[in-house]
Amino acid sequence: MLKKTTEIKSPRNAYGEVLVELGAQNKNIVVLDADLSCSTQTCQFHKAYPERFFNCGIAEQDMMCTAAGLACEGKIPFVSTFAMFATARCLDQIRNSICYPKLNVKIVATHGGVTVGEDGASHQALEDISYMRSIPDMTVIVPADYNEVKQVIKYASEIHGPVYVRLARTNLKTVFDEEKYVFNPERAVKICEGSDVTIVTNGETLSEVISCSQMLGENGIKAEVLHVPLVKPFFAASDIIESAKKTGLVITVENHSVIGGLGSAVCEVLSANLPTRVLRIGTPDCFGQSGEQRALMEFFGLSDKKLYERISRYINKK
Amino acid sequence: MKDFNNSVRRDILKMIHGAKSGHPGGSLSCVEILSVLYNKIMFVPRDWKKSPDFDKRDRFILSKGHASAALYSVLANCGFFAHEELMTFRHLGSRLQGHPSTRLGLEGIEVSTGSLGQGLSIACGIALALKLNNNPAYVYTLLGDGEMQEGSVWEALMNASHHKLNNLVIVIDKNRLQIDGDTDRVKSLEPLDKKLEAFGFEVKEVDGHNEDMLEKAFLSAKESDKPFAIIANTVKGKGVSYMENNPGWHGKAPNDNELTVALEELNA
């Protein structure tokens, strides 16, 4: 399932490429963007099917409702812009005009998390998953690498109803083997077995957590790593409870605020089913700031080394 | 048509009275607009999704979703659903939600609205899809004049003219009042006709209670190669003397006595 030799590949490219593939198979797929098509890579679809691509200009609220109207008529709109503008700016439109009528709109937002980098806090969506997760009937998916993005986008196109997919700006290590990995929305992906601690993550922090778990292993801490791309509905709940039963300690890691994202979803499930100590690692209740991508990952404690330091310190103190 | 409009107005008042809440002013102002659309202009099969011609229907979007009582009453009086269901308006479990919803399968409702400034964008999406599908149907949407203060309405107007959506007709129910008072005083929209023209629309201004003028404007919209806007000058609370031009009746239900007086006036 895991890739033996890792490459660095762009999840956004995966999105652009798979849109073109899906567009060939399904004429109902249409794509909307708000003047960021080169960044989100929907430009690939624009080039292939110009009649089915709508550049809405810098007007995200109008874009969301235009997508709703297209969906009313049986189209499958994929709507893209940066995660900041796709969610916070259009929250009312997404809630009232897409989710309330349960329309088949797929919002695929790029540039989620602190790794937007130098553009700084105004462009770093650290609350998008929290917003999207709280709307009824919304499906929320945070894939981890190029190969998983392709499968997740296909899955989004096949299920009916609103979907939010969050992609990173960063070019990421490929974790999953394109031949052997099959995205399964029903389950958490067990990356490795362990008995001392369960680490739950998704998105671009997965490769950091994998590397961190190897460092922990070298120091005698056996971590069980669970990748949970589907944050809502939270089908992986039973896998997380199962693992927590074994390890008795859960740590969540995400490139998102510790309020309302994956960490909160894990706490909600455990508090009701198996009260367990949970350490949530993400951005604390604060805004981001400008910086180079790697420097920001270090600053917010999301890099493999920083994760290793914090987690080993936490476990040794326990 | 006068009898039809009168029944619609009576239903609106009875529904809002029964619900002890609702929006009489902006519902009464758009009765003739809806009546002309449903009785003379739009093709919409009364048996709704059961009709083999369902896909050919003209689409109507009530962007000013708070006028739901007017739309429900027009739909019921046209036979989309049973007239007695009107009195479930705003009650727990009703298909007649405070603002229109598609979740409950109510016949005649195309989209969910209520949060202002979104219906026109949805209408543009539908109009784009109809063009992609080579479907000659029209999309009609009704906005309030106060609703035009929402910035996203102007995003949508740009979108409509950019895509030359000549299958789109918008009507602005210009009753000149919003919750906090005169629209001109709260935040003026003038010159509305010139603004709409500048945004690429062909504009006709009519008396929104004159059915002949409304009908002519709708017919001329079909001849236009541009998106079309009808500014319908109306009276908020039209037909009930004490409600007319009174912003206090934007979102308030008549009590028993007030209902009796209103119904007597409409009978006269």
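Key figures for this structure:
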quantity	calculated
Residues of segment B:154-178 satisfying the condition of being open to solvent by less than 40 Å² (accessible area, probe 1.4 Å) and among the charged types (D, E, K, R)	B:E155, B:D173, B:K174
Within segment A:172-185, tally of residues that are buried (at least 16 other Cβ atoms within 10 Å of the Cβ) and either part of a strand (DSSP E or B) or of a type in the set (S, T, N, Q) (or both)	4
Complete set of residues in segment A:175-190 that are more than 21 Å from A:P233 (Cα to Cα) and among the aliphatic types (A, V, I, L, M)	A:V175
Those strands (runs of 3 or more DSSP E) lying entirely in segment A:209-318 with at least 3 residues in contact (Cβ under 8 Å) with a residue 40 or more places away in the chain, under 21 Å from A:L167 (Cβ atoms) and under 18 Å from the mean Cα position of the chain (by Cα)	A:230-232, A:249-257
Residue match in segment B:108-119 (condition: over 15 Å from B:F60 (Cα atoms) and among the charged types (D, E, K, R))	no
In segment A:198-218, residue nearest to A:R277 (Cα to Cα) [restricted to those that are touching a strand residue (DSSP E or B) at 6+ places or on another chain (Cβ under 8 Å) and among the charged types (D, E, K, R)]	A:E208
Residue list for segment A:44-57, filter: more than 9 Å from every other protein chain (Cβ to nearest Cβ), within 30 Å of B:E150 (Cβ to Cβ) and not aromatic (F, W, Y)	A:H46, A:N55
A:S264 being touching a Lys or Arg at 6+ places or on another chain (Cβ under 8 Å) and exposed (fewer than 15 other Cβ atoms within 10 Å of the Cβ)	no
All positions within segment A:9-60 that are under 22 Å from A:I141 (Cβ atoms), part of a strand (DSSP E or B) and either open to solvent by 40 Å² or more (accessible area, probe 1.4 Å) or in the same structural domain as A:G203 (by TED's automatic domain parsing) (or both)	A:K9
Test: A:A68 is more than 29 Å from B:L157 (Cβ to Cβ) and either open to solvent by 50 Å² or more (accessible area, probe 1.4 Å) or in contact with a helix residue (DSSP H, G or I) (Cβ under 7 Å, 6 or more places away or on another chain) (or both)	no
Complete set of residues in segment A:144-155 that are over 17 Å from A:T81 (Cα atoms), part of a helix (DSSP H, G or I) and in contact with a strand residue (DSSP E or B) (Cβ under 9 Å, 6 or more places away or on another chain)	A:Y146, A:N147, A:E148, A:Q151, A:V152, A:Y155
Residues located in segment A:151-168, provided they are among the basic types (K, R) and surrounded by 23 or more Cβ atoms within 10 Å (Cβ to Cβ)	A:R166
Residues within segment A:218-233 that are within 27 Å of A:A156 (Cβ to Cβ) and open to solvent by less than 40 Å² (accessible area, probe 1.4 Å), tallied	7
Residue in segment A:126-139 that is modelled with pLDDT of 95 or more, among the basic types (K, R), open to solvent by less than 10 Å² (accessible area, probe 1.4 Å) and not in a loop (DSSP other than H, G, I, E, B) present	no
Hits in segment B:212-254 (condition: under 26 Å from B:H99 (Cβ atoms) and without any contact (Cβ under 8 Å) to a residue 40 or more places away in the chain)	B:Y242, B:E244, B:G248
Number of the exception - A:A125 against (1) closer than 20 Å to A:V231 by Cβ; (2) within 14 Å of chain B (Cβ to nearest Cβ)	(2)
Residue pairs meeting the criteria (Cβ under 7 Å; at least 6 apart or on separate chains; first under 12 Å from B:V74 (Cβ atoms), in segment B:15-39; second open to solvent by 10 Å² or more (accessible area, probe 1.4 Å) and modelled with pLDDT under 95)	B:S35/B:M1; B:N39/B:M1
Filtered residues of segment B:90-111 (kept if small (G, A, S) and either at the interface with another protein chain (Cβ under 8 Å from one of its Cβ atoms) or buried (at least 24 other Cβ atoms within 10 Å of the Cβ) (or both))	B:S101
Residue pairs meeting the criteria (Cβ under 7 Å; at least 6 apart or on separate chains; first free of Cβ contacts under 8 Å to residues at least 60 places away in the same chain and of a type in the set (D, E), in segment A:131-154; second in a loop (DSSP other than H, G, I, E, B) and open to solvent by less than 20 Å² (accessible area, probe 1.4 Å))	A:D137/A:G161; A:D137/A:P162
Some residue of segment B:62-79 being open to solvent by less than 40 Å² (accessible area, probe 1.4 Å), under 27 Å from B:N175 (Cα atoms), β-branched (V, I, T) and not in a helix (DSSP H, G or I)	no
Residues that are touching a residue at least 40 places away in the same chain (Cβ under 8 Å) and open to solvent by 20 Å² or more (accessible area, probe 1.4 Å), drawn from segment A:186-196	A:E186, A:R187, A:K190, A:I191, A:S195, A:D196
Identity of the residue in segment A:62-118, in a loop (DSSP other than H, G, I, E, B) and under 17 Å from A:D33 (Cα atoms), that ends up farthest from the other protein chains (Cβ to nearest Cβ)	A:H111
Subset of segment B:112-139 [open to solvent by 10 Å² or more (accessible area, probe 1.4 Å), at negative phi and either touching a residue at least 12 places away in the same chain (Cβ under 8 Å) or of a type in the set (F, W, Y) (or both)]	B:T113, B:S115, B:L116, B:L128, B:K131, B:N135, B:P136, B:Y138
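The values are calculated or read from the model by the stated rules, or taken from the named source; none is laboratory data. Because the structure is predicted, anything quoted here is derived from the model rather than measured. Positions of Cβ are backbone-derived with ideal geometry, glycine not excepted, and every protein chain shown enters the neighbour counts. All accessible areas refer to the heavy atoms of the entire protein, side chains included, with ligands and DNA or RNA removed. Shrake-Rupley method; radii C 1.70, N 1.55, O 1.52, S 1.80 Å.
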